[in-house]
1. Determine, for each peptide in 286-292, 129-135, the mean count of other beta carbons within 10 angstrom over its residues, then list the peptides with the highest first.
2. Calculate the length of the line joining the C-alpha centroid of segment 178-193 to that of segment 78-115, in whole Å.
3. Based on Cβ point charges of +1 for Lys and Arg and -1 for Asp and Glu, what charge dipole magnitude is obtained for segment 197-256 about its Cα centre, in debye rounded to the nearest 20?
4. With the cut-off at 21 Å, tell me which of the pairs 160/195; 105/258; 66/268; 66/226 have Cα atoms farther apart than that.
5. With +1 on the Cβ of every Lys and Arg and -1 on the Cβ of every Asp and Glu, and nothing else charged, how large is the dipole of segment 14-158 about its Cα centre, in debye rounded to the nearest 20?
6. Which of 211, 143, 248 moves most in a GNM of the chain, Cα contacts under 10 Å?
7. Residues of segment 102-141 with backbone nitrogen within less than 17 Å of a virtual label 7 Å along the Cα-to-Cβ line of residue 20, please, listed as ranges.
8. Whole number in Å², please: accessible area per residue of segment 4-289, 1.4 Å probe, ligands, DNA and RNA not counted.
Amino acid sequence: MGIILKPIDIVDDISKDEFYEKYLKPRKPVVIKNMAKKWPAYQKWTMDYIKETVGDVEVPLYDSSKADPSAPINTPTTKMKFGDYIDLIQREPTDLRIFFFDPIKFANKLLEDYISPKELMGGFLDKYPSMFFGGTGSVTFLHYDIDLPHIFHTHFNGRKHVILFENRWKERLYKIPYTTYALEDYDISNPDFTKFPALDGIEGIECFLEHGDTLFMPTGWWHWMKYLDGSFSLSLRAWDKSWAVKAHSIWNLTVQRKFDDIMKVNFKKRYMDWKEEVAVKRAEGALKRGLPK
């Protein structure tokens, strides 16, 4: 059977009412083609422009290696000057990524180059939106965002492959306990179903983003991303109106994350091995019970 991936809905433009009824209310992803075409960034945000505007700030870089069981999540692999990194991803493939970097803090004029889609919804969070950069072939591991926002993710200067899953599939995705990410021992784009049988038959959504495409990812959706070209994205984040979602977000960011960090520091590999064993048992159990219904 394999993983069942449906193509994402794609629209050129969309009204507030249609967006609410078809995508925000049912929490369903969609790609909006023309949103960023109205932004100055659509023309201006070349690699060279971003490099010159931000300057030689030292940035943390992440690779595709499995996380250190004793380190806090999102611990960087190495550091590099931003300009040197942009040169690198334009020159050659690399699995090094910039994750949750805020270049706008160092170049406020970039704030003038995009427009938050407030005509579609409210609740936007960040004064300085996050940007993500990756070299050809680099991968963002399968996860959902710990603070549970809605995300408008706009891509620039290349192509990106995205696979999405509803949160109801979390056990079958081998979710690691006390985290918002999956077991890192499989490739969701080409999994070994003999080793990871719970993945067989799960259902998701697939899309390929090009320059200027905006992906709407509703709260709690799992996402895996692969940079098909050296390129970058801008994420605009907004709260869900549900107080239950907000409370869960605060729990994730405080109690759950703190507990997980303390356990990693004190028990290191023993704790990580236990979490991975639990992830496998839960996945196999969900598969046997035919979950999710």
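1. Numbers: 286-292: 13.6, 129-135: 22.4.
Order by mean packing, descending: 129-135, 286-292.
2. Each part's Cα centre sits 27 Å from the other's.
3. 440 debye
4. On the way: 160/195 27 Å; 105/258 27 Å; 66/268 14 Å; 66/226 16 Å.
Violating the 21 Å Cα-Cα cut-off are 160/195; 105/258.
5. Working: 19 positive and 20 negative charges, 105 e Å.
Approximately 500 debye in magnitude.
6. Checking each option, the largest mean-square fluctuation is seen for 248.
7. Residues passing the 17 Å test: 117-124.
8. Working: 13500 Å² over 286 residues.
Solvent-accessible surface per residue comes out at 47 Å².
The values are calculated or read from the model by the stated rules, or taken from the named source; none is laboratory data. Because the structure is predicted, anything quoted here is derived from the model rather than measured. Positions of Cβ are generated from backbone atoms using ideal geometry, with glycine treated the same way; all protein chains shown enter the neighbour counts. Side chains included, ligands, DNA and RNA excluded: accessible areas come from the protein's heavy atoms. Shrake-Rupley method; radii C 1.70, N 1.55, O 1.52, S 1.80 Å.
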